Every structure is written in structure tokens, then in C-alpha cells.
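Report on the structure given below.
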Amino acid sequence: MSRDPPSPSHLSTTSDDEEDPHQTLIPQNETKPPPLHPPTGPSVFEIGRTTASRITRSAASPSKRCLILAVCLPLVLVLLFFSLDLRRTFSSVLPAGPAATSDRMREAELRALFLLRNQQLGLMRLWNSTLPSDAGFGSKVNGSDLSPTPSPVRSSNLSDVSLREIKSALLEQLRVNREIRDVLLSGHGIGNFSELENNFGPEFDFPNFGSEICKKTERPTDRRTIEWKPKKDRFLFAICLSGQMSNHLICLEKHMFFAALLDRILILPSPKVDYEYSHVLDIEHINKCFGRKVVMTFEEYEQEKKGKIHINKFICYMASPPCYLDEDHVKKLKSSGVSIGSKLEAVWPEDAKLKEPKKRFVGDIMPKFSSNEEVIAAGDLFYADVEEEWVMQPGGPLKHSCQTVIQPSRLIVLTAQRFVQTFLGGNFVALHFRRHGFLKFCNVKKESCFFPIPQAADCVKRIVEEAGSPVIYLSTDAADSETTLLQKLVKLNGEEVPLVRRPEHNSAEKWDALVYRNHLGGDAQVEAMLDKTICAMAKVFVGSAGSTFTEDILRLRRGWGSSSSCDQYLCQGHLPNFIAETD
């Protein structure tokens, strides 16, 4: 279930060995010692007086008056020029040439910019070499592999901590590089890098920081798949009970895998005992992906059977309780019009003694769950650990013609697109900030995943800087007191980075008109799926470790091809800087 995408999580640091600025200052009361050998010749003022006396004597001679006037007149004009600031008067008429020192400074600064660009490109290459080999950055020319030479940081004798430190150092150097560029550019009155390139040529074309760091990851082309060709009169009845909607979607995905293995059509649960899946999922899209009928809603099957729905046999995957069904849920099933024709018996009763589900494979499933009965049920499969890497691969384990099979309804996708166009634009970071009930859940784990707000803000700030995004979409169940503090602390260059949440419905805004026109406004599951869809469209996504809501967003991003090399869990690779004791 868990996913560990390569993504650095760094704390911005300052150097401890910076020089003390007071070391370069001269104390106010300090006086310089007198020179060891005082000058014995005439002083500057004495020279002035001597020259003046000579001029006075020479002025008495009428033959030299014209020469004195010719020398003094330009000096007077120069003094008048500076005292009356006549340069402004003539600046529009006579172009002033730059001073030699200014030319040298300008040339040195432009040379520094050129060197900084080369430094950035080298750091970028080093950064890319720390990414996983399957990240899709390599290229080939005439059959030669031009992928970066494997970096020493990939060797097995280095820990993940070392890798994080190297990435953190690289990012810090890239930030310093950018700051130096900004300072140098400001001295020339140049506001952006495109203007610099236009003025001085393509050698000063600096790559965008965010686009170079946070690249989209390529989908694997060699998926391992099986075909789903169900028999028209054989069915698998889906039962999903664990947790909220995200858990149920994972459960449905595993039911689809079982149905494909067993050549059966999958019947979705009744909304009387489960969610209204037709409100949030594109059911018809699933069938189109396979080019045949593979999934039926409960209502469709009920209409086909004229209200008589019967589960012939329960073949329970989970052992305790069998099929993960208690008496209350069995009663709900029966009240929805479903009759049960067999006892609930576990296929592996010995699993009841295990603390965690045992890993199993296709070879274990086929002989145990194959049956000639018309309708069978395997119970809740959320905790079933069957071919997990195969099932969770991008695009899923089944052969189909779509990017992803289980996806939001068309109405929700359009509403999400309209929200992004209205409030966010194409360059935004999405943050799923899970808080409600998460403190206790995280603190009983070996490594807590519940971070104090200031620490979380630092992590978010670094990711936003890496992505180069001006805005954050916030999907959260946190209290206003927490989100208010988070907003105050997420700052770049002294300014707050906006945390955008979906506003309450306003008839003056048209981005959510489709939802309300179809009478789905206020539906909690529709709103949750809308949040997921917006997050799946982000340039970079930051999730909460241990949350199936986050995992479902990551599944969508992998399927849609929107995954980024910067996608990660909040403060990934770090522990909370303060952890409360357990009660």
C-alpha cells in the first residue's frame, strides 16, 4: 500500500562559519598611530600657496593675461556645469558615454552571470543523477546511452540519510545561485531572465528553477497485465466495509482484479449499504476501457433479476471475522434485498491468528475461489495482500485502453478543471494536510507522521520553492486555527504564499454550476472526490503518509501521467521535532 517516491525533503540552513561582520569595522574611538617618518618637504597646501604667488607675479605681466584667461575660463565653465547641474539640461541632446570603470564593472557582472549559468547547469546534471534510474531523464543518440553516470550516492553502502543530505546541499546551492543572479540583474535594471537573453544573447538563457527540479515522471511502458473477459452469466458481488471512500475504492480495485482472474462480471454494492458510486465514479468509462461489459451497478443487476438478488456462495478471503462481515452488516445486506445461500466460511481460517495479512499470489487464489456458482462473494478485500506491486502499478494490473480505469465522473473532472482555471492556473502545488484523528494514529507508529505546524510550514515552503509555484491548493480537515497559523508561516521572500481552499457555494461563481445543476452540491463524497481530482491536476503533490486519501490521489496522478519527481509525503524523511507521549 505504501509508496516511497523519490523526493528530497530539506531544511534550509545558514552557514555557521560566516565571518563576524564586526571584525571588518574599526572601533569608533580607535585612532591611527602617527607616521614613523613625518614628511619634510612642502605640503600640498604649501605647494598651493607657492603656485598662487607665482601666478600673482605673472599676472602683472600684460603679455600673459590672455594665457591665464584661456586656462581659467574652462575651469570656470566646468564649475558652473556641476554647480548648476547643467548635465541634465544637455543629457537629452548629448548622449553621455559610460565611464571606463562602469564598463569594466558591467563586463565583470555579465561574466559572473555567465559563470553562474554554467554552475546551475552543472548542479542540475548532478541533481538529475541522484534521481531513480527509471525517472526518464536519460536519452540515447545513435544507440549510445547518454544517461548520467550512476552517482556514488546510489551505491548500497550509503544510507538514505546521506542521499537526503546530498540533495539538500545541491538544492541549497541552486537557491544561492538564483539569489546571486537576482542581485546582479537588479543592478542593471533587468527584471527577468527573458529580458537578459533578449539583450545579451542565448548564452544568458537561464533555465527555470522549478521546471528543471520538478519534472514529470514517465509512465512505464512494460506493464504486466491480464485480460478481463468475463462470462456473461457469472458474477462477483463486491462488498467493501473498511474505512471511508478512499478505502472502498482500493477495495473495488482489488475486486476488479479478482473478477478478472475468475472471469466474472463485477456487481457494485448497493447504495443502501455502501456509497453511491455512480455519483463519484465514471462507471461507463470502466466498461469502455475494456470494450465490453465488465461492471454493473447494483440497480442494473437488480433490474435484470427483477428484484431477486441471491449470493450463491461466500468464499471469504478474510478470516476474522469471516469475509470481514459482522452480524450488523449481514442484516443490512438482507434488508437491501440480497439473500444469502451459504455460511460465511474463511478459505484460510488459520489467518485469524495472524496480526497482519499474509502475502499471497495468483496461484493461491485460482484454486480456492474458482466456482461454478452464478454469484459468489469474497467479502471485504481492502486488507487482501495479493500481488500488491502488480495491482498497484500505474494503470493497474488489467489490460485496457485508458490511462486509468477507476476515475472521477466526467462532471467532477469538468468542475475541477473550472476551479483550477478560476483560482489556481496551471502552476500550483497541492497539499493534502490530514489532521483530524491523525495525531493518535501517527504517534502509535514506529515513525510518527504528525508534524507541528511550524515544521510542516518549513517543509511546504521548500517544496514550493523547488516547484517555483506561486500558489498552494489546500485539501484538509484541519481546524481553522491550524490552517491560519500554517498560512502565516508559509512565506517566500517575506511574502505569504496563498493557501487556497474551495470556497462555499456562491451563485455568482460559475465554476461549480455543473455540480449544483445536477443536484450533487453538498454531497460529502462528491466534494471529497473533487478535492482528489484538483490535487491530481497539480504540478506537484504533497500528501500525508499513511492516508488512503493521499494514496488514491497518487494512483490518479500515476494513471493520468501528472506525477512529478517532486511528489512526496509531507516532511518525508524527517521525524516530528516534538512527539507527545501516548496515553
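The values are calculated or read from the model by the stated rules, or taken from the named source; none is laboratory data. No experiment lies behind these values; they were computed from the predicted model shown. As a convention, Cβ positions derive from the backbone with ideal geometry for all residues, glycine included, and neighbour counts pool all protein chains shown. Accessible surface areas use protein heavy atoms only, side chains included; no ligands, DNA or RNA. Shrake-Rupley method; radii C 1.70, N 1.55, O 1.52, S 1.80 Å.
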Within the under-11-Å Cβ sphere about Arg360, not counting Arg360, Lys/Arg +1 and Asp/Glu -1 give a net charge of -2
Expected vector for segment 518-525, Karplus 3J(HN,Hα) from phi with 6.51, -1.76, 1.60 and θ = phi - 60°, integer Hz, x for Gly and Pro, equals 9, 6, 10, x, x, 6, 4, 6
Quick one: if the Förster radius is 41 Å, what FRET efficiency do Thr221 and Asp326 give, using the C-beta to C-beta distance and rounding to 0.05? 0.40
Nitroxide proxy distance, nm - points 7 Å out along Cα→Cβ at Glu495 and Gln393: 4.6 nm
Give me, ordered by chain and number, the residues 5 or more places off Lys491 or on other chains with an amide H under 5 Å from its own placed amide H. Val497
Could you order peptides 237-250, 425-438, 389-402 by the average number of other Cβ atoms within 10 Å of their residues, highest first? 237-250, 425-438, 389-402
Charge context of Leu236, other residues only, Cβ under 12 angstrom, K/R +1, D/E -1: +2
Ser242 to Leu414: extension gain in nm, 0.36 nm per residue of separation minus the Cα-Cα distance? 59.0 nm
Residue span Lys446 to Asp477: 0.36 nm per residue of separation minus Cα-Cα distance leaves a gain in nm of 8.8 nm
Lysines with Cα under 22 Å of Lys358, excluding same-chain neighbours fewer than 8 positions away: Lys254, Lys368, Lys445, Lys446
Gained length - Gln119 relative to Asn427, 0.36 nm times residue gap less alpha-carbon distance: 108.3 nm
Could you list which residues have their amide H under 5 Å from that of Val471, counting only those 5 or more apart in sequence or on another chain, with H placed in the peptide plane? Val429
Taking θ = phi - 60°, what integer Hz values does the Karplus form 6.51 cos²θ - 1.76 cosθ + 1.60 yield along segment 465-474, in sequence order, with x for Gly and Pro? 5, 4, 6, x, 9, x, 8, 10, 8, 10
Ranked from the most accessible area to the least, with a 1.4 Å probe and all protein chains present, what is the order of Lys332, Lys215, Lys446? Lys446, Lys332, Lys215
Put a dot 7 Å past each Cα toward the Cβ at Ser335 and Lys355; how far apart are the dots in nm? 3.7 nm
Taking N as its residue count, the alpha carbon Rg of segment 272-428 over 2.2 N^0.38 Å: 1.26
Tell me the carbon and sulfur percent of the accessible area for segment 302-405, rounded to whole percent, probe radius 1.4 Å. 49 percent
Can you tally the net charge around Arg410? Count Lys and Arg as +1, Asp and Glu as -1, for every other residue whose Cβ sits under 11 Å from the Cβ of Arg410. -2
Calculate, for Leu575 and Ile180, the FRET efficiency according to 1/(1 + (r/R0)^6) with r their C-beta to C-beta distance and R0 25 Å; round to the nearest 0.05. 0.15
Charges on Cβ only, +1 for Lys and Arg, -1 for Asp and Glu, centred on the Cα centroid of segment 404-531; of Gln421, Phe438, Gly522, which one is farthest towards the dipole's positive end? Phe438
Could you give the nm distance between label points at Glu509 and Glu284, where each point is 7 Å from its Cα heading toward the beta carbon? 2.9 nm
